[in-house]
Amino acid sequence: MKKNLFKKGTMSLGVNYWASHAATRMWTEWDETIVEKDIKNLAEIGCEYLRVFPLWPDFQPIMILRANCYKGGYKRGYAFTGERPLPKTEAGRAGVDETMMERFEKLCDIAQQYKMKVIVPLINGHMTFRIYNPPAVDGLDHFTDPESLMWQGKFIHYFVKRMKHHPAIAAWEIGNECNCLSAADNRATAWSWSAFVTDAIRAEDNTRPVISGMHSLRFHETRNNPASSGWTFADQAELCDVLTSHPYPMWRNYVNCDKPNTLRWVLLTPAENQLFADVTNSESFAEEVGTLRRTFSTFEALGDNLRNVLWLLWDNDSRALLWWCAYDQTGMEFPPYDWDEAGMEHGILTADYKLNPTGRAIRDFAKFKESCPVKVLPEPRDKAICIYGRDQNHYEMNLSISILAKQAGLPIKSVFCEDEIPDSSVYLIPCAQRKGGLNRAAYKALFEKAKKGATVYMSFEYNTCIPLMEEFFGFEIENREQNSSPVSIKIDDIPEIKLNPKYKFTMKSHGAKPLDKEGIVWEYKVGKGRVIAVALPLENMLLAIKDSYQKYSAYELYRIIGKSITDKNVISCSDCEVIVSEHPENENTLYAIVCNCTPDNKKVSLNIKNGFEVENCYSDIKEVSFDSGVINLPNNCGALLVLKKKA
């Protein structure tokens, strides 16, 4: 049974910690006074969790001593770096420097003193673009080489056994982004190494959750790139209790094509973390989030972005955010900080303890959490099921779907096509490649659900070829030809959507009817339900167009598709950049998260029905207010509304 780290419906705050004076050299240039001052300042801001990295070559500084007359030198024995003899102790046999362990334990003591919890990644050989190896295993394949595996195993067993007594430690973790530590040849290698590490952790401590620490996981191994695709959602969820997302908008061109602090920027983190949690049915949290200040925005805008993201993470039950990182690293003049890599102005505090705007965002949200009477957000009422196929750009697609669904007031849960598909009244199959990853039996099952009242939606990629097309969609593809002019989607009173697809389909009806004049959107009524098809890759096309989610009303199509769910909503807003989500406590009490996802101040009317009225409005900034159905939301902020049913 999985062990959870955070309570469902809550939102915890923390940072990734390197000491302010030394960054990755903090263990060899240890200064207890500075470390205590660091942690004290973080606690005062409202940080509850520290992710702290015992750097592998500092804690296990082993080297090989070689003798002569042997190719490469005969492996005569081992020592600590500097040819210091390994002590004849348990630590020495594990190749672990006890001085470093004492320093780590002291850090945990300080964290405990300030009521902070520590997350401990164990194999920390990758950090900020650099690989850190103990000399004895430098250059080896850490996932398969017996020499490296032996020393990793010794380190994990000793470290966990030595530190498991400490009450400040909340969880163990495989290591920091270990899928960057080396290149796994395939999925079997990635699984085997992950199992080796997690088994070693649990052999010494089976009371705490084990966290993955990996980023950019995949649904399946691909034939053209097995090394990067071998780290899968399913395998990490099988072996770990908690998964982790590391969504950095600065690396995503499909995000930073829009100006900062707009829909794509603020929804990336909650959308990606929800994908991790949904497709694995596991707890997941945003373990690393950050951006490049000098490339994209001012410090103030970066703080506004984080404020917005915190609200949306809580809304999505993302459990926690650990900002990257605690302190600015601009003063570090050694690798990797003086390499030609990303900027180092990531801290919520400067190295001399000045509060950055990101730190202010965390501080204000922490104060809000403490004062707000609502501590736990209940689940949404119902969710649509979004089915991902094979060979899709899942991360890009996930963001597009998440934005449209949020705008439409349609909660979603994502699943992989090869996993069990839960019951729902709404199913989304976006930009289906080939058969959308589904076989004939799956289509028959979905068709039966439609006959019983469900809505099944699919948008077509240009290579879509669905079995049972006439029976399922009520049409067949009569023609597909290259397209060179815009097409228009105009349904009822929804504003026109103009797109320029690469190909245009012509359909021959077998009972389905077009909902628009150009025959792009089709509806096929079957039994009590319906199947809706869009004959172009809507979600991918929107992602490729700057400002598309503000410019076009494609979310209104999602509202039509999700009508069986969205019609139950009590509260809504006509502004597509103000996101409203509902969390019903019971029949008479409803919590609503309302977020302004723009860098502009907003004053918008909220439509409230079913006999509810707003009883209270809470926020982390004082300028938020609600009066007579109108909410005032400064830029990139959120509010919690408590609605009660009138007596």
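Based on the alpha-carbon gyration tensor of segment 140-220 and its eigenvalue square roots a ≥ b ≥ c, which shape applies: rounded if a/c is under 1.5, prolate if not and a/b is larger than b/c, or oblate?
oblate
So what is the calculated 222 nm ellipticity per residue for the chain, using -39500 (n - 2.57) for each DSSP H run with n of 4 or more, over all residues, to the nearest 500 deg cm²/dmol?
The helix-only estimate for the chain comes to -9000 deg cm²/dmol at 222 nm.
In degrees between 0 and 90, to the nearest 10, how far off the longest principal axis of the chain does helix 357-371 point, with axes built from Cα atoms?
The angle comes out at about 80 degrees.
Nearest 0.05, what FRET efficiency do ALA195 and VAL376 give at R0 = 51 Å with Cβ-Cβ as r?
Calculated value: 0.90.
Using label points projected 7 Å from each Cα along Cα→Cβ, tell me how many nm separate GLU32 and ILE131, to one decimal.
In this crude spin-label approximation the distance works out to 3.7 nm.
May I ask you to compute the full-extension gain from ALA544 to ASP600, defined as 0.36 nm times their residue separation minus their alpha-carbon distance, rounded to one decimal in nm?
That pair, ALA544 and ASP600, stretches by 17.8 nm at full extension.
If packing is taken as the average number of other Cβ atoms within 10 Å across a peptide's residues, how do 169-177, 42-50 rank, most packed first?
Per-residue Cβ counts within 10 Å, averaged per peptide and sorted highest first, yield 169-177, 42-50.
What size of dipole, in debye to the nearest 20, comes out for segment 4-155 about its Cα centre when the only charges are +1 on Lys and Arg C-beta atoms and -1 on Asp and Glu C-beta atoms?
The dipole of segment 4-155 has a size of about 360 debye.
Assign unit charges at the C-beta atoms only (+1 for Lys and Arg, -1 for Asp and Glu), then state the dipole size of segment 271-408 relative to its Cα centre in Debye, rounded to the nearest 20.
Here the size comes out at about 660 debye.
Could you give the length gained on full extension between ASP340 and THR10, defined as 0.36 nm per residue of separation minus the Cα-Cα distance, in nm?
That works out to 114.9 nm of additional length.
Tell me the Rg and the Dmax, in Å, that the Cα atoms of segment 520-629 produce.
Just the Cα atoms of segment 520-629 yield Rg and Dmax of 17.1, 52 Å.
I'd like the orientation of helix 394-408 relative to the chain: the angle between its Cα long axis and the longest Cα principal axis, in ° from 0 to 90, rounded to 10.
Its long axis makes an angle of about 50 degrees.
For the chain, build the charge dipole from Cβ charges (+1 Lys, Arg; -1 Asp, Glu) around the Cα centre, then report which of ILE348, LEU312, TRP30 sits farthest towards its positive end.
After comparing all options, I get LEU312.
Ranked highest first by the average count of other Cβ atoms within 10 Å around their residues, in what order do 483-494, 598-609 fall?
Those peptides, ordered most packed to least, come out 598-609, 483-494.
Kirkwood Rh over alpha-carbon pairs of the chain, then Stokes-Einstein at 37 °C and 0.692 mPa s: what D in µm² s⁻¹, rounded to an integer?
D, rounded to a whole number, is 125 µm²/s.
Dipole magnitude of the chain about its Cα centre, charges +1 at Lys/Arg Cβ and -1 at Asp/Glu Cβ only, in debye to the nearest 20?
Magnitude of the dipole: close to 1160 debye.
Order these peptides, 524-537, 463-476, by their mean beta-carbon neighbour count within 10 angstrom, highest first.
Descending packing order for the listed peptides: 524-537, 463-476.
Could you give the accessible area per residue of the chain, probe 1.4 Å, as a whole number in Å²?
Spelled out: the 1.4 Å probe surface of the chain, per residue, equals 39 Å².
The values are calculated or read from the model by the stated rules, or taken from the named source; none is laboratory data. All of these numbers come straight from a predicted model, not from anything done at the bench. Every residue, glycine as well, gets a Cβ built from its backbone with ideal geometry; the counts of neighbours run over all protein chains shown. These accessible areas exclude ligands, DNA and RNA; they are computed on the full protein's heavy atoms, side chains included. Shrake-Rupley method; radii C 1.70, N 1.55, O 1.52, S 1.80 Å.
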